[in-house]
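See below for the structure under consideration.
The values are calculated or read from the model by the stated rules, or taken from the named source; none is laboratory data. Only a predicted model underlies this, so the values are computations on that prediction, with no experimental measurement involved. Glycine gets a Cβ as well: all are built from the backbone with ideal geometry, and neighbour counts include every protein chain shown.
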Amino acid sequence: MIEFSLTAEQTELQLKARKFAEEEIASKAAEYDRSGDFPIDILKKAFAAGLMNSHIPKEYGGPGRTTLECAILAEELTAACSGIATAIEANSLAQAPLIIAGSDDQKNRFLKPMTEKLSFAAYAVTEPDAGSDVSRVKTEARRVRDGKWAINGLKWWITNGGVASWYFVLAKTEKGPTAFIVPADTAGIIKGPKEINMGQRCSNTVRLQFEDAVVDEKNMVGNEGDGFSICMKTFNLTRPLVAAAAVGVARCALSLALAYSKTRKAFDRKLISYQGISFKLADMSTEIEAARLLAWRAASLHDNGIDNTKAAAMAKVFAADTAMKAATEAVQIFGGYGYTNEMPVEKLMRDAKIYQIYEGTCEIQRSIIAGQLLRGR
Ligand SMILES: Cc1cc2nc3c(=O)[nH]c(=O)nc-3n(C[C@H](O)[C@H](O)[C@H](O)COP(=O)(O)OP(=O)(O)OC[C@H]3O[C@@H](n4cnc5c(N)ncnc54)[C@H](O)[C@@H]3O)c2cc1C
């Protein structure tokens, strides 16, 4: 029989994260959405509570959580505020390629310090002309002298870019896309201002210009030309987590819409008594359960070393669409109030949209699924 229940340890983690989200995040969500400030006070508490850098292996000082545990954590934090949760979780995207393909020396130099002191890292792959199509990256890495590479190019929309102490950077060499770890204090890196985004406004997104930023060859991740495959393997780890985070947004939308529809009256009846409203809630609830199962399955396959490319894409696209739909329906159920920033569902709708875009758009996830079907997988 398929086991659908969490273990005692997983449940404990879920409750711990839920308590943290309710006590430390929820009440500050609107304030950080308005200010767009990086939520450093909450990050300090999340770090102290052991809720950051979750998948850094134990041998490098981290908690070594499984992908499924990270998914459970992501949903709980995001259900309180996906902007603050993204600030808590964004390190993971930069760390994942090192966990997958980094050397022991790189893990000791770049992952271990992140478990000792609150610090940040960023995954710098996207460029103005290379988002979905990563093969179009123009950033170049040129061998300049023995054991040194100079990086030149522009990276765009980099989460944590303004606060990171190192970047995972994809750059072209003669042998193709190649991955490097670039310390943020390297000469020749110019950070742009924080972007003003539609949602998740306290997450730090900037552009990064590399002008002859010189790095040591010992910072190359994997071999020259391995960069594209490292990035794709990274997504098999991170997409189930993004899917789980989207489930958190959808769950929050359902909870707010359900509570509102139980109290708001129209034509002398509570909104929930109308089938037109209660069916929306029923669909939201069903889709949330389905999205969570897809996310947990994709995470679990990854934990068991089974190829989850298709499962991760399915989880990501379904959960992203579920979050967007749930948030939109929540606004609809709130009526005019839903459209104003007096009510949290307006923020949810803005926050939800990004799940259909980053870490591979919904169209790209569908292309991946179709590609896998064509290969008979
Ligand atoms: C807030 C935010 C944070 C981000 N954080 C990071 C980060 O930390 N690191 C990082 O490297 N990047 C990051 N990104 C970049 C993000 O991953 C890209 O925006 C995303 O991959 C899409 O790329 P693009 O914007 O260039 O869109 P494009 O690739 O130009 O796509 C535009 C549209 O065309 C569609 N499209 C493209 N190709 C196809 C196709 N073959 N078939 C059908 N439709 C297609 C897309 O789905 C989309 O709808 C972030 C972006 C945002 C907005």
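Here are some notes:
- Residue in the stretch 74-92 that is touching a residue at least 60 places away in the same chain (Cβ under 8 Å), touching a Pro at 6+ places or on another chain (Cβ under 8 Å) and among the hydrophobic types (A, V, I, L, M, F, W, C) present: yes
- Scanning the stretch 361-371 for residues that are of a type outside the set (Val, Ile, Thr), near the ligand (Cβ under 6 Å from one of its atoms) and in contact (Cβ under 8 Å) with a residue 24 or more places away in the chain yields one hit, GLU363.
- Any hit, the stretch 194-205, residues being farther than 30 Å from ASN341 by Cα and buried (at least 17 other Cβ atoms within 10 Å of the Cβ): no
- Entirely in the stretch 80-192, the strands (runs of 3 or more DSSP E) that have 2 or more residues that are in contact with a helix residue (DSSP H, G or I) (Cβ under 7 Å, 6 or more places away or on another chain), over 27 Å from THR67 (Cα atoms) and of a type in the set (Phe, Trp, Tyr): none
- Every residue from the stretch 315-360 that is crowded, with 23+ Cβ neighbours inside 10 Å, within 16 Å of the ligand (Cβ to nearest atom) and either among the hydroxyl-bearing types (Ser, Thr, Tyr) or part of a loop (DSSP other than H, G, I, E, B) (or both): TYR355, GLY360
- Some residue of the stretch 286-304 being surrounded by fewer than 20 Cβ atoms within 10 Å (Cβ to Cβ) and touching a strand residue (DSSP E or B) at 6+ places or on another chain (Cβ under 9 Å): no
- Residue, modelled with the lowest pLDDT, within the stretch 139-150, restricted to residues that are away from the ligand (no atom under 15 Å from the Cβ) and of a type outside the set (D, E, K, R): GLY147
- Any chance MET284 is more than 17 Å from the chain's Cα centre (by Cα) and at negative phi: yes
- Members of the stretch 151-160 found to be away from the ligand (no atom under 11 Å from the Cβ) and either crowded, with 21+ Cβ neighbours inside 10 Å or of a type in the set (Gly, Ala, Ser) (or both), listed by number: ILE151, GLY153
- Matching residues, the stretch 71-120, being within 13 Å of the chain's Cα centre (by Cα) and within 18 Å of VAL182 (Cβ to Cβ): ALA90, ASN91, LEU93, ALA94, GLN95, ALA96
- Tabulated pairs, the stretch 122-142, first free of Cβ contacts under 8 Å to residues at least 12 places away in the same chain and closer than 14 Å to ALA171 by Cβ, second more than 8 Å from the ligand (Cβ to nearest atom) and part of a loop (DSSP other than H, G, I, E, B), C-beta under 8 angstrom, 6+ apart or interchain: ALA130/VAL137; ALA130/LYS138
- Scanning the stretch 194-231 for residues that are farther than 17 Å from TYR358 by Cα, in a strand (DSSP E or B) and within 15 Å of the ligand (Cβ to nearest atom) gives LEU208, GLN209, PHE210, VAL221.
- Take the conditions (1) more than 25 Å from LEU373 (Cα to Cα); (2) free of Cβ contacts under 8 Å to residues at least 12 places away in the same chain; (3) not β-branched (Val, Ile, Thr); GLY305 misses just one of them, which is (1).
- Condition check for GLY376: surrounded by 22 or more Cβ atoms within 10 Å (Cβ to Cβ) and of a type outside the set (Asp, Glu): no
For (1) of a type in the set (D, E, K, R); (2) without any contact (Cβ under 8 Å) to a residue 60 or more places away in the chain; (3) in contact with an Asp or Glu (Cβ under 8 Å, 6 or more places away or on another chain), each residue gets a yes or a no:
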position: ALA330; (1), (2), (3): no, no, no
position: THR340; (1), (2), (3): no, yes, yes
position: LYS353; (1), (2), (3): yes, no, no
position: TYR358; (1), (2), (3): no, no, no
position: GLY376; (1), (2), (3): no, yes, no
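- TYR337 vs. criteria over 23 Å from the mean Cα position of the chain (by Cα), hydroxyl-bearing (Ser, Thr, Tyr) and not assigned by TED's automatic domain parsing to the domain that holds ASP33: yes
- Residue match in the stretch 52-59 (condition: more than 14 Å from the ligand (Cβ to nearest atom), of a type in the set (A, V, I, L, M) and farther than 25 Å from LYS347 by Cβ): yes
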